[in-house]
Amino acid sequence: MNILETKNLYKQYKQGEISVNALSGINIQIPEKAFTALLGPSGSGKSTLLNIFGLIDQPTQGKLYFCGKDITAASEKELTAIRRHQLGFIFQGFNLVPVMTVFDNVEYPLTLLGLDKKTRYERVNLMLDRVGISQFKKHLPDQISGGQKQRVAIARALITKPKLVIADEPTANLDTKTATGIIDLMYQMHQDFGTSFIIATHDERMSSHCHNSYQLHDGVLQ
Ligand SMILES: Nc1ncnc2c1ncn2[C@@H]1O[C@H](COP(=O)(O)OP(=O)(O)OP(=O)(O)O)[C@@H](O)[C@H]1O
Ligand SMILES: [Mg+2]
């Protein structure tokens with residue numbers, strides 16, 4: 001089954017007189033248990049497409065399906081439920097909450113799901129162990145390195161056991177050695193948990209791990 005699918009999707013940004021066609025007629029399918037790269041030059045529409053996949057932004061035209069269900073016109077409540085239960089996010093800039101510890105950052109999505117404290121505690125500790133950052137759990141994000149921050153973000157993205165993790169340039173702010181470690185970790189998590197990943201990237205190293213890759217050019221899928 002496809003987790004996400006689009007049919008003839010368009011996204012147009014309007015700024016005063018000027019309008020930009022960021023996406024034009026996208027037909028794409030993201031299957032279960034896939035590790036997929038989304039490639040394309042700067043401005044080609046990668047982030048725009050991932051924001052639509054993440055239910056953070058809406059298309060101007062076309063249809064979006066989640067697990068076979070048309071969610072193009074779904075209510076905010078429905079979209080929030082899918083976002084919280086089924087999706088995880090990893091960003092170039094890590095996007096950790098600066099005033100929360102590593103532990104609290106990873107715990108937060110479970111709190112939103114209403115899980116009790118003991119379950120949260122056990123799951124977060126297991127996950128921190130799994131991504132190799134247990135010793136930093138009481139640190140704040142600005143007390144750890146970029147690579148460590150991205151490990152926290154990976155833990156946070158996977159803690160709810162989502163169907164799909166959406167990663168926008170997850171290695172762009174990291175040096176080569178650290179980036180390779182992060183790619184390997186994401187791939188391991190994909191294999192261990194069966195989670196699908198879609199990763200927007202300029203990173204050539206990523207492609208060796210990816211089962212399939214899509215190319216965007218000026219908002220058109222090649
Ligand atoms: N909020 C916005 N308002 C207006 N135009 C936007 C907005 N966001 C993106 N765009 C435009 O849409 C197009 C696609 O941008 P997008 O950020 O999706 O590209 P990208 O492939 O992610 O690029 P990069 O590799 O630099 O991150 C660009 O022309 C961009 O200027
Ligand atoms: Mg982008």
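The values are calculated or read from the model by the stated rules, or taken from the named source; none is laboratory data. Being a predicted model, the structure only gives us computed values, none of them experimental. Positions of Cβ are backbone-derived with ideal geometry, glycine not excepted, and every protein chain shown enters the neighbour counts.
In segment 175-219, what count of residues is obtained for those that are within 16 Å of ligand 2 (Cβ to nearest atom), outside any strand (DSSP E or B) and either modelled with pLDDT of 95 or more or not polar (S, T, N, Q) (or both)?
5
I'd like to check something: does segment 44-59 contain any residue that is among the β-branched types (V, I, T), surrounded by 16 or more Cβ atoms within 10 Å (Cβ to Cβ), in contact (Cβ under 8 Å) with a residue 12 or more places away in the chain and not in a helix (DSSP H, G or I)?
no
Out of segment 90-124, which residues are closer than 18 Å to T195 by Cα and buried (at least 19 other Cβ atoms within 10 Å of the Cβ)?
I90, F91, V106, P109, L110, V124
Restricted to segment 49-79, and to residues that are farther than 24 Å from H190 by Cβ and in contact with a Leu (Cβ under 8 Å, 6 or more places away or on another chain), which residue is farthest from ligand 1 (Cβ to nearest atom)?
Top of the filtered list is D70.
Among what's in segment 125-172 and is within 16 Å of ligand 1 (Cβ to nearest atom) and assigned to a loop (DSSP other than H, G, I, E, B), pick the residue that is nearest to L49 (Cα to Cα).
E169
Look through segment 6-22, keep the residues that are of a type in the set (V, I, T) and either surrounded by fewer than 20 Cβ atoms within 10 Å (Cβ to Cβ) or within 16 Å of ligand 2 (Cβ to nearest atom) (or both), and return whichever of them is farthest from P162 (Cα to Cα). It would help to see each step written out before you state the result.
Kept after step one, since they are of a type in the set (V, I, T), are these residues of segment 6-22: 6, 18, 20.
If we keep only those that are either surrounded by fewer than 20 Cβ atoms within 10 Å (Cβ to Cβ) or within 16 Å of ligand 2 (Cβ to nearest atom) (or both) too, we end up with 18, 20.
Values: I18: 38, V20: 32 Å.
This residue is I18.
Does Y65 meet the test of being aromatic (F, W, Y) and over 21 Å from T195 (Cβ atoms)? Write out each step before concluding.
Working: aromatic (F, W, Y): yes; over 21 Å from T195 (Cβ atoms): no.
So Y65 does not fit the description; no.
Which one of these does E122 not meet: (1) free of Cβ contacts under 8 Å to residues at least 12 places away in the same chain; (2) part of a helix (DSSP H, G or I); (3) touching a helix residue (DSSP H, G or I) at 6+ places or on another chain (Cβ under 9 Å)?
Going through (1) free of Cβ contacts under 8 Å to residues at least 12 places away in the same chain; (2) part of a helix (DSSP H, G or I); (3) touching a helix residue (DSSP H, G or I) at 6+ places or on another chain (Cβ under 9 Å) one by one, E122 breaks only (3).
Quick one: which of G62, G25 is surrounded by 15 or more Cβ atoms within 10 Å (Cβ to Cβ), more than 18 Å from H217 (Cα to Cα) and among the small types (G, A, S)?
G62
Just for segment 23-43: of the residues that are assigned to a loop (DSSP other than H, G, I, E, B) and within 25 Å of Y187 (Cα to Cα), which one is nearest to ligand 2 (Cβ to nearest atom)?
The extreme case among them is S42.
Give me a count of the residues in segment 168-222 that are charged (D, E, K, R) and surrounded by 13 or more Cβ atoms within 10 Å (Cβ to Cβ). It would help to see each step written out before you state the result.
So the first thing to find is which residues in segment 168-222 are charged (D, E, K, R), and the list is 168-169, 175, 177, 184, 192, 203-205, 218.
After this cut, where a residue has to be surrounded by 13 or more Cβ atoms within 10 Å (Cβ to Cβ) as well, the list is 168-169, 203, 205, 218.
Summing the residues that are charged (D, E, K, R) and surrounded by 13 or more Cβ atoms within 10 Å (Cβ to Cβ) in segment 168-222 gives 5.
Which of the residues that make up segment 53-81 are under 25 Å from K117 (Cβ atoms) and either in contact with a helix residue (DSSP H, G or I) (Cβ under 6 Å, 6 or more places away or on another chain) or not hydroxyl-bearing (S, T, Y) (or both)?
Listed by number, the list holds a single entry, A81.
Being within 13 Å of F53 (Cα to Cα) and assigned to a loop (DSSP other than H, G, I, E, B) is the filter here; which residues of segment 67-92 pass it?
C67, I71, T72
Name the single residue that is nearest to M186 (Cα to Cα) among those in segment 85-94 being modelled with pLDDT of 95 or more and in contact with a helix residue (DSSP H, G or I) (Cβ under 9 Å, 6 or more places away or on another chain).
I90
Taking Q15 as the residue in question, decide whether it is within 13 Å of ligand 1 (Cβ to nearest atom), without any contact (Cβ under 8 Å) to a residue 24 or more places away in the chain and within 28 Å of N173 (Cα to Cα). Walk me through how you get there before you give the answer.
On the way: within 13 Å of ligand 1 (Cβ to nearest atom): yes; without any contact (Cβ under 8 Å) to a residue 24 or more places away in the chain: yes; within 28 Å of N173 (Cα to Cα): no.
Criteria not met by Q15.
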